[in-house]
1. Go through the range 29-43 residue by residue and turn each phi into a ³J(HN,Hα) via Karplus (6.51, -1.76, 1.60, θ = phi - 60°); whole Hz please, and just put x for glycine and proline.
2. Check cross-link reach from K98 to the aspartates and glutamates: straight Cα distance under 18 Å, and skip same-chain residues fewer than eight apart.
3. Using the heavy atoms of the protein chains and a 1.4 angstrom probe, tell me the accessible area per residue for the chain in square angstrom.
4. Could you tell me which label, among (1) 13.4; (2) 16.3; (3) 12.2, carries the value of mean projected area of the Cα convex hull in nm² calculated for this structure?
5. Calculated FRET efficiency, L240 and S171, Cβ-Cβ r, R0 25 Å, to nearest 0.05?
6. Identify all lysines with a Cα-Cα distance to K77 below 26 Å; exclude those on the same chain that are fewer than 8 residues away in sequence.
7. Keeping every protein chain in place, order M92, M173 by accessible area at 1.4 Å, biggest value first, i.e. largest first.
8. Could you check the spin-label model distance between K80 and K118? Points 7 Å from the Cα along Cα→Cβ, value in nm.
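The values are calculated or read from the model by the stated rules, or taken from the named source; none is laboratory data. Everything numeric here is computed off the predicted structure, so don't read it as measured data. Using ideal geometry, Cβ is built from the backbone for each residue, glycine included, and neighbour counts are taken over all protein chains shown. For the accessible areas, the whole protein counts, side chains as well, though only heavy atoms, and no ligand, DNA or RNA atoms are used. Shrake-Rupley method; radii C 1.70, N 1.55, O 1.52, S 1.80 Å.
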Amino acid sequence: MKKQEISILNIPFYNTTQAEFIEELHNVAQNGERRFVVTANPEIVMHARTDKEFEGILRQADYIVPDGIGIIMASEKLGKPLKERVTGYDTMIGLLEKPLRCYFLGAKPEVSQGVESKVNEKYPQAIVCGVHHGYFDALESEAIAKEIIAAEPDVIFVALGSPAQEKWILSQMANFSKGIFIGVGGSFDVLTDNVKRAPKIWIKLRLEWVYRLLANPSRWRRFFAIPQFMLVIRKESKRLKKGE
């Protein structure tokens, strides 16, 4: 059965729930298949509007899921509501709760060093088959990919930030016979308790992005993409209502 997708500013989002998506990926992993997952927020969508090469990379993903409440709000505004937010972090945690072989690529060296012990402590059923920090150049990239292939992971979590993580995945995944490749941004920082995630009440009120901005004001330029995105969505909504 063809998966249901909802287009938001020409980006096709997979319309699923968090629990359903984790279970689907678990089945994919058990079958030894290969998939490319993009966890997209408004910043990624806005980047794709001005960078056609990046948009082309996104379109080669097997799944693009709405990691960002702005995407959910946009789908509602456009009259095509997505079921719910499907985040990279929650997807990662859901897969770590399964007996899968997992490789972790990305983050600062001091963060990546704590990944294996934290996973072993919190998610003993997961098998950490390798960890490598995200500070490497193009020459090292090939050697790292070979190391990952040799580790035979079911899931490769790539935390290089966007668009670097999506570009790396697409450049390397054809060399793999299996594996779920998923870009998870800053999730390793949260996993290792180096960054605190927003309290549930902030998430429920759709204000997690505000919490993150208050916690790290130096990232304000990145969060500026959210109001820009919503402005574009408002214009698109008006255009659709006029039947243009």
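1. The phi angles translate into 5, 5, 7, x, 9, 10, 9, 10, 10, 10, 9, 9, 10, x, 4 Hz.
2. Those aspartates and glutamates meeting the cut-off are E20, E23, E24, E33, D90, E116, E121, E152, D154.
3. Per residue, the chain has an accessible area of 51 Å².
4. So the calculated entry is the one marked (1).
5. 0.10
6. K2, K3, K52, K200, K204, K235, K238, K241, K242
7. Ranked from most to least accessible, the order is M173, M92.
8. 3.6
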